[in-house]
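Asks: For reference, the structure I am asking about is given below.
The values are calculated or read from the model by the stated rules, or taken from the named source; none is laboratory data. Quick caveat, the model's predicted, so the values are computed rather than measured. Glycine gets a Cβ as well: all are built from the backbone with ideal geometry, and neighbour counts include every protein chain shown.
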Amino acid sequence: MATKKISELSTTTTPSSSALFPIVQDGSTLAVTLANVAANMPDLTANSLTSSGTLTVSGNATISGDLTISGDDLTMGTNTSGAALIADGTNFNPVVISGDISIGTTGTAAIGSGVIVNADVNSSAAIAFSKMADLTASRALVSDGSGDVSVSAVTSTEVGYLDGVSSAIQTQLDSKASSTYVPTTITVADESTDTTCFPLFVTAATGDLPPKSGSNLAFNSGTGALTATSFVGNLTGNVTGNTSGTSGSTTGNAATATILATARNIGGVSFNGSASIDLPGVNTSGNQSTSGTAAIATAVTVADESTDTTCNVLFTTAATGDLPPKSGTNLTFNSNSGVLTATGFAGALTGNVTGNASGSSGSCTGNAAGLSSTLVVGSGGTGATSLTANGVLIGNGTSAVTAVDMSTKGHLLAGDGSGNPSTLSVGTNNYVLTADSGEATGLKWAEASGGGTSWQSVKTGDYTASAGEGVFANTSASAWTLTLPSSPSIGDEVSFKDYASTFHTYNLTIGRNSKPIEGVAENLVISVKGAGNTLVFTDDTKGWLIKTK
């Protein structure tokens, strides 16, 4: 290269690593390559540093301004997969993300399983049902005892029955019933356990009247006792307890009374009849307060006597006054048996009467229980000296009573037109008693025919029943329809029973077959588990009625 001035040199933007750089030093001419410069470069401070190639710094580089990298990669000595540059207050260091989230080498972030809780979900988040776990199809959701949503047994089909309901269902059902309908019969169930029941009555003998009850008329179905404030009219049967009244009625306590209704004081000591008492000055120490003279005693000492068979009863000739005691031979008392004997008794009698009695207006005459001769029918007797054991008494009002032997098992007593009933022997098993005018008694045993419910084999699908049939309905696989007879007659019946106890899951529909059910022109859907009932046909107005409600 010819000698040139520095000012004559041209510039280049792409020198090679072997290109020479002239250096003027103490009159000597020197040259260095770009590689020599790079290898011996001292620390460099520059306001701006731009490199179009590879910039290599073996030491630390301090950049006080912004660092702009137009390439895609930032290469570091520590290059851990999945790490991110995290500032620690002094430097940025490559740190691998851990804990609830992780970041892959492609930059994809993942949230750990079970990390997000309810509090982490924003209240405005609209989470689609498709993101939730699958539930049992076509079922209604309910909150359980913990407040969590769960699947119920109610199906979407059952919920669909409520579609379009605009008011209370019971109110709508009530509106279906005729407001003027007055039943002539009701279904009554036997009840023999409730101790407090109230009989129903009405305020008139006839008419469409509401049933009523009163707290002063109660019935104990367990004991069969009817309780009221009072009873008016003749009573047939035994009376236990106190009675009062006139015209032959009884007054006072019954034979079973053991104490006085109201205790009384005797000599200052309370006495109710339940036990003996001790009187001061009589059978125990102490004094009795007395008045008057000894000649007119107001009290006498009486000793118990229960052995004498003939005693005379003392009485006086007036109700009050200072009177001497007297006795009469026509009034005696047997202290051993407790029997009081008199020519006659007048007034109401309290207690049991043993033996025959007759008369009127409350009086009684005749023989006592020890009657030794036959008492004729006209005097209230049987007219017979003896009767057949285990017999039923038969009488015509005047002749002696006879007894028909009814000790044989199954015998029935029936009239034969002669005035004297006859016995009808027990019939053949499963025979029924029927009317037959050709028989002496007008009755005979005959083989049963017709009647009852004809139960069919279990049905699992749509079925049309005939009158008198009972259907065991199995809806465990699907809902289906039991259709009623198309041309029923009054009294025709059709029964059904939930065979598999699945009516609540798959309903049984009672198809009305053109006739109303309970007066409504709609099919009847049975959705109660284990349900069973009987429908009986009345007429074209009410149609089929449910026997038991």
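Asks: Could you check how many residues of region 269-283 are closer than 17 Å to residue 303 by Cα and either in a strand (DSSP E or B) or touching a residue at least 40 places away in the same chain (Cβ under 8 Å) (or both)?
Replies: Total meeting the criteria: 1.
Asks: Next question, about the same structure. Can you name every residue in region 411-438 that is surrounded by 11 or more Cβ atoms within 10 Å (Cβ to Cβ) and outside any strand (DSSP E or B)?
Replies: Result: 411, 415, 416, 420, 421, 426, 427, 436.
Asks: Report, by residue number, each residue of region 528-549 that is closer than 13 Å to residue 496 by Cβ and assigned to a loop (DSSP other than H, G, I, E, B).
Replies: Residues satisfying the conditions are 528, 530, 531, 547, 548.
Asks: Based on this model, can you work out whether residue 155 counts as in contact (Cβ under 8 Å) with a residue 60 or more places away in the chain, surrounded by fewer than 10 Cβ atoms within 10 Å (Cβ to Cβ) and not basic (Lys, Arg)?
Replies: no
Asks: Quick one: how many residues across region 462-480 are crowded, with 17+ Cβ neighbours inside 10 Å and part of a strand (DSSP E or B)?
Replies: Total satisfying the criteria: 6.
Asks: Let me ask something else about it. Among the residues of region 509-519, is there at least one that is out of contact with any Leu (no Cβ under 6 Å at 6 or more places or on another chain) and of a type in the set (A, V, I, L, M, F, W, C)?
Replies: Checking region 509-519: not a single residue is out of contact with any Leu (no Cβ under 6 Å at 6 or more places or on another chain) and of a type in the set (A, V, I, L, M, F, W, C).
Asks: Within region 491-509, identify whether any single residue is in contact with an Asp or Glu (Cβ under 6 Å, 6 or more places away or on another chain), assigned to a loop (DSSP other than H, G, I, E, B) and either buried (at least 17 other Cβ atoms within 10 Å of the Cβ) or aliphatic (A, V, I, L, M) (or both), and answer yes or no.
Replies: no
Asks: Is it the case that some residue within region 71-86 is closer than 30 Å to residue 54 by Cβ, touching a strand residue (DSSP E or B) at 6+ places or on another chain (Cβ under 9 Å), loosely packed, with under 10 Cβ neighbours inside 10 Å and at pLDDT 80 or above?
Replies: Within region 71-86 (the criterion being closer than 30 Å to residue 54 by Cβ, touching a strand residue (DSSP E or B) at 6+ places or on another chain (Cβ under 9 Å), loosely packed, with under 10 Cβ neighbours inside 10 Å and at pLDDT 80 or above), the answer is no, since none of the residues qualifies.
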